[in-house]
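Inspection log for the structure reproduced underneath, given as structure tokens.
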Amino acid sequence: MPDFAPWLGVFETLRVVNGVPLFLEEHRAELQRAATAVGLNVALDLGASQRELKDRSGRWRWIVEPAGTRTLFTDEEAPTLETAALSISTLRVGSQNWDARFKTFSYLTHAQALAVSATKEAVLLNEHGEVASAARANIFWRKGARLYTPQHEVGCRCGVVRAFVLGLGPVEVGGFTLDELVGAEEIFLTNSMRGIVSVDALEGAALTDFSFADEARRQYERAIKHMLDPTVRR
């Protein structure tokens, strides 16, 4: 019987639309990256698992632990296009910690930040006071024409939708303090289930410019339509 290791495991979450997993290969690469970091082997039979999806839509999780690899599917409605308000969490993530940089079973800091937040989402800083991520998403912000996002090394996940946005044009990726986030003209979040989510308030200060996120969402939706029907131009 294997040792009890509740911390030792990684997962990846995909959105599935009418039986089609979105960004399949990108998620497979992210799962492999996380598993390699914590010393686990991925044994994922995607052919058999994908056949079980049929025409269903929802959340598909790939789970890797010492006992093996398994999948879990939950039927869900399409995500809404609501905006989100942000507050700054007093909790901190470790910039070098696996649980900050990968989707591991050790998810308590992010879950706790969300549970005690007065807003739908919360910004997490690392031990150096640098912006790392939101509790359930990666974060971008814009000042003027310049777009910013934390680098993986400060304690955020690489993220499939984050990578999509990075591919749209120039983004400054680095270690940024909270002061550099405050005063942003636009903030948005990226998450594989919800896509690109505009932020309408940070610590009670209203944000009303969603221009970059609106265009990014249009391109993101075109990419999804192409995945569902390859004859649709991206």
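The values are calculated or read from the model by the stated rules, or taken from the named source; none is laboratory data. Given the structure is predicted, the values throughout are model-derived calculations rather than measurements. As a convention, Cβ positions derive from the backbone with ideal geometry for all residues, glycine included, and neighbour counts pool all protein chains shown.
Listed here are the residues, each with its yes/no results for (1) part of a helix (DSSP H, G or I); (2) touching a residue at least 60 places away in the same chain (Cβ under 8 Å); (3) not small (Gly, Ala, Ser).
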| residue | (1), (2), (3) |
| --- | --- |
| Arg162 | yes, no, yes |
| Val165 | yes, no, yes |
| Glu180 | yes, no, yes |
| Gly183 | no, no, no |
| Met193 | no, yes, yes |
| Asp214 | yes, no, yes |
| Gln219 | yes, no, yes |
| Lys225 | yes, no, yes |
| Arg233 | no, no, yes |
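Would you be able to say whether some residue in the range 169-182 is assigned by TED's automatic domain parsing to the domain that holds Ala115, at pLDDT 95 or above, of a type in the set (Ser, Thr, Tyr) and surrounded by 22 or more Cβ atoms within 10 Å (Cβ to Cβ)? No: the range 169-182 contains no residue that is assigned by TED's automatic domain parsing to the domain that holds Ala115, at pLDDT 95 or above, of a type in the set (Ser, Thr, Tyr) and surrounded by 22 or more Cβ atoms within 10 Å (Cβ to Cβ). Of all residues in the range 102-125, those that are surrounded by fewer than 20 Cβ atoms within 10 Å (Cβ to Cβ) and small (Gly, Ala, Ser) have Cβ atoms under 8 Å from Cβ atoms of residues that are in a helix (DSSP H, G or I) and at pLDDT below 95, 6 or more apart or on another chain, in Ser106/Trp98; Ser106/Asp99. Checking each residue of the range 18-30 against the condition of being of a type in the set (Phe, Trp, Tyr) and either in a loop (DSSP other than H, G, I, E, B) or in the same structural domain as Ala118 (by TED's automatic domain parsing) (or both) gives at least one match. Filtering the range 190-209 to residues that are crowded, with 19+ Cβ neighbours inside 10 Å and in contact with a helix residue (DSSP H, G or I) (Cβ under 9 Å, 6 or more places away or on another chain) leaves Thr190, Asn191, Ser192, Gly195, Ile196, Val197, Ser198, Val199, Leu202.
Could you tell me whether Thr149 is out of contact with any Gly (no Cβ under 8 Å at 6 or more places or on another chain), closer than 14 Å to Leu178 by Cα and either among the polar types (S, T, N, Q) or surrounded by fewer than 20 Cβ atoms within 10 Å (Cβ to Cβ) (or both)? Walk me through it before giving the result.
Working: out of contact with any Gly (no Cβ under 8 Å at 6 or more places or on another chain): yes; closer than 14 Å to Leu178 by Cα: yes; either among the polar types (S, T, N, Q) or surrounded by fewer than 20 Cβ atoms within 10 Å (Cβ to Cβ) (or both): yes.
It is true that Thr149 is out of contact with any Gly (no Cβ under 8 Å at 6 or more places or on another chain), closer than 14 Å to Leu178 by Cα and either among the polar types (S, T, N, Q) or surrounded by fewer than 20 Cβ atoms within 10 Å (Cβ to Cβ) (or both).
Within the range 74-96, the set of residues being surrounded by fewer than 20 Cβ atoms within 10 Å (Cβ to Cβ), within 17 Å of the chain's Cα centre (by Cα) and not small (Gly, Ala, Ser) comprises Pro79, Thr80, Leu81, Glu82, Thr83. If I filter the range 173-194 for residues that are of a type in the set (Gly, Ala, Ser) and in contact with a Gly (Cβ under 8 Å, 6 or more places away or on another chain), do I get at least one hit? Checking the range 173-194: at least one residue is of a type in the set (Gly, Ala, Ser) and in contact with a Gly (Cβ under 8 Å, 6 or more places away or on another chain). Scan the range 31-56 for residues that are in a helix (DSSP H, G or I) and either under 26 Å from Trp98 (Cα atoms) or in contact with a Lys or Arg (Cβ under 7 Å, 6 or more places away or on another chain) (or both) and jot them down. Passing the criteria: Leu31, Gln32, Arg33, Ala34, Ala35, Thr36, Ala37, Val38, Leu46.
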